[in-house]
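*Asks:* Here you go, one structure.
Quick note: the coordinates plus some simple rules give every number you see, no bench work behind them. Keep in mind that this is a model prediction, so the values were computed, not measured. Cβ placement follows ideal geometry from the backbone for every residue including glycine, while neighbour counts extend to all protein chains displayed.
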């Protein structure tokens, strides 16, 4: 080893060794579990496992619930984000805090709270049941509501951030050109916060897909009705490891696909 | 000028009173007849953008009124407030504010589409506008791929295609570099002439105001401090700000080989390359006044008479007569020392390097 650095060394200075070791360890936190999963995958039984009733039922419930929760989050969350970003009212900070609360609240607590509010004996659940006969717990509606509760904050905060970063003069310019409020919203505001919106929707959907605690507390764990993929994995871990692995693989594949498809918009907006 | 404004049945008539929390109150009266261009000239923070927002309908008045072609747009006293989308006020915003997610032609047709013009007809009209301003080839581009000058023309087309009853231009040339600015000022003047309604140019650049406007309103700290024709403002500035910024002498002439020739006088300039029609600007402080013929380095000297003396603050403005009327600025002490009164014969000298020349 000479003390004089060559010119290529100067250009690409070697990063500190300790930092590299810690970074590799950090990466392994994500990679090793995936390797474990792949190592235990019963590849020859996989086709049978993937088409078993338990897996197909859970997949169906998960797809319906996660997409339903994302749709509800969009319909209710975008207006909520708009109000938080554009309307000044007393207590706005408190409202924003309430919106973010599900992000830090343990999902089981959320599920319990939903049960007290919307359960058959709940604050709103009881009169609603008497009037309409609707029952949320132990139904697909319960799964959707639980997923919406934990996932919608992602949409609201991402879209609110996008709206805050949008120069209001664009909306003003559209108005002077004769565009009414809805035209401005559809043709200027939403397209211009497109990357925030896409990121918000993707995050919301991913969170809804992975939801466990609030779902099992509020909606239960009934195969074919409220048992989602994560719930099915949890049950299968006790009884049928092969099925648990197959279910887990499905979720890994879905998550990776979404990441790859949305990677540009995602990193752009966050 | 404030109060007792004449109501024109056509054109814009307004008294704009808007309070912002931070001790700033805008109180401005404006009246712009059809076919006239008014420039609102003032420094940053004087309230110019607030005027645009109020007239365009993006900011409600606290007091006053806005009437356009006899139609009441905003009167807080009677609770009338027409929203921006129903005002028919065309705005060319500062930095143009073209929609970045739309193509050039989609930007131009936006106003028509918003007014329920069928897609095909809107597209055809937008294309014909783009052809007219020489940008037909760029119809499919995104605004980010345009030069500043192209973006400005698109912004003007986008505002004019809806046939507004008033055209507001907010710092239309500020986003351009110096060379483009000169070319585009010409084009912009043509566009303004083609638009028959009242026009208002908001600017902090006196040259822009002098060349584009029939009448200049100077705004400082939220109030109008002077109204007049470009010549009024230039020759008889009423506040130090106007004197400093707007008070420059502007001379039109033909340049060649380091000389600018006007009808009555030749000026030596430092730039020997420039030729053709030019605009020469001479700051009043660059004009040296003597009682006797000077024999120093200045290349431009001539004898003339002082026809007007105006005092304001710690400065005195002298207006001189033929062969080339100019405004010079000296201190009251110098005025006393030289014993100059109206009618005195004096010698003027200007260094060639003090004359800034740009192509007209």
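*Asks:* Hey, rough spin-label estimate for residue A:41 and residue B:295, points 7 angstrom out along Cα→Cβ, what's it come to in nanometres?
*Replies:* If labels sit at residue A:41 and residue B:295, their model points lie 10.1 nm apart.
*Asks:* Could you work out how far helix B:148-160 tilts from the main Cα principal axis of chain B, as a 0 to 90 degree angle to the nearest 10?
*Replies:* Relative to chain B, helix B:148-160 is tipped by roughly 60 degrees.
*Asks:* Would you mind checking the tilt of helix B:178-194 against the longest principal axis of the Cα atoms of chain B, expressed as 0 to 90 degrees and rounded to 10?
*Replies:* 60 degrees
*Asks:* Now for a different question. Calculate the FRET efficiency for residue A:22 and residue B:144 from the Cβ-Cβ distance with a Förster distance of 56 Å, rounded to the nearest 0.05.
*Replies:* With a Förster radius of 56 Å, E is 0.90.
*Asks:* Okay, next question. For the stretch B:249-359, rounded, prolate or oblate, judged on the Cα gyration tensor with a ≥ b ≥ c (square roots of eigenvalues), a/c < 1.5 rounded, else prolate if a/b > b/c?
*Replies:* prolate
*Asks:* For chain B, what does the helix formula give at 222 nm: sum of -39500 (n - 2.57) over DSSP H segments with n ≥ 4, over the residue count, nearest 500 deg cm²/dmol?
*Replies:* Here the helix-only value at 222 nm equals -7500 deg cm²/dmol.
*Asks:* Summing -39500 (n - 2.57) over the DSSP H runs of n ≥ 4 in chain A and dividing by its residue number, what mean residue ellipticity at 222 nm do you reach, to the nearest 500 deg cm²/dmol?
*Replies:* Rounded to the nearest 500, it is -24500 deg cm²/dmol.
*Asks:* Sticking with this one: Looking at chain A as a GNM with Cα springs under 10 Å, which of A:60, A:40, A:96 has the largest mean-square fluctuation?
*Replies:* Most flexible of the set in this elastic network: A:40.
*Asks:* Report, as an integer, the average count of C-beta atoms from other chains found within 10 Å of each Cβ along A:163-176.
*Replies:* 6
*Asks:* Cα centroid distance between the stretch B:305-329 and the stretch B:11-42, in Å?
*Replies:* Cα centroid to Cα centroid, the span is 31 Å.
*Asks:* Once fully extended, how much extra length lies between residue B:331 and residue B:275, figured as 0.36 nm per residue of separation less the alpha-carbon to alpha-carbon distance?
*Replies:* 16.6 nm is the gain from fully extending residue B:331 to residue B:275.
*Asks:* State, to one decimal in nm, how far the label point of residue B:71 lies from the label point of residue A:128, with both points 7 Å from Cα in the Cβ direction.
*Replies:* Taking the two extended label points, one gets 4.7 nm.
*Asks:* Still on this structure, I have one more. Just counting partner chain Cβ atoms within 10 Å, what average do the residues of peptide B:82-95 show around their Cβ?
*Replies:* 4
*Asks:* Between residue B:78 and residue B:131, how high is the FRET efficiency from 1/(1 + (r/R0)^6) when r is the Cβ-Cβ distance and R₀ = 51 Å? Nearest 0.05.
*Replies:* Efficiency at R0 = 51 Å is approximately 0.70.
*Asks:* Once R0 is set to 25 Å, what does the formula 1/(1 + (r/R0)^6) return for the Cβ-Cβ distance between residue B:34 and residue B:252, expressed as a FRET efficiency to the nearest 0.05?
*Replies:* Once the sixth-power term is evaluated, E becomes 0.35.
*Asks:* Next question, about the same structure. Report relative contact order for chain A in percent, whole number only (criteria: Cα-Cα under 8 Å, sequence separation at least 6).
*Replies:* Once divided by the residue count of chain A, the mean separation gives 28 percent.
*Asks:* Anyone know which of A:200, A:68, A:172 comes out most mobile in the 10 Å Cα GNM of chain A?
*Replies:* Of A:200, A:68, A:172, the Gaussian network model singles out A:172 as fluctuating most.
*Asks:* OK, next. Enter the angle in degrees (range 0 to 90, nearest 10) between the Cα long axis of helix B:119-132 and the first principal axis of the Cα atoms of chain B, meaning the one along which they spread out most.
*Replies:* 20 degrees
*Asks:* Enter the mean number of other protein chain beta carbons within 10 Å of the beta carbon of each residue in A:177-190, as an integer.
*Replies:* Mean partner shielding for this stretch: 5.
*Asks:* Using a Gaussian network model on chain A with a 10 Å cutoff between Cα atoms, which of A:169, A:187, A:241 fluctuates the most?
*Replies:* The residue with the greatest mean-square fluctuation here is A:169.
*Asks:* Which peptide among B:155-162, B:57-64, B:107-114 comes first, and what is the full order, when sorted by highest mean count of other Cβ atoms within 10 Å?
*Replies:* My ranking of the peptides, most packed first, is B:107-114, B:155-162, B:57-64.
*Asks:* Distance in nm between label sites at residue A:30 and residue A:86, each 7 Å beyond Cα in the beta-carbon direction?
*Replies:* With each label placed 7 Å out from Cα toward Cβ, I get 3.6 nm.
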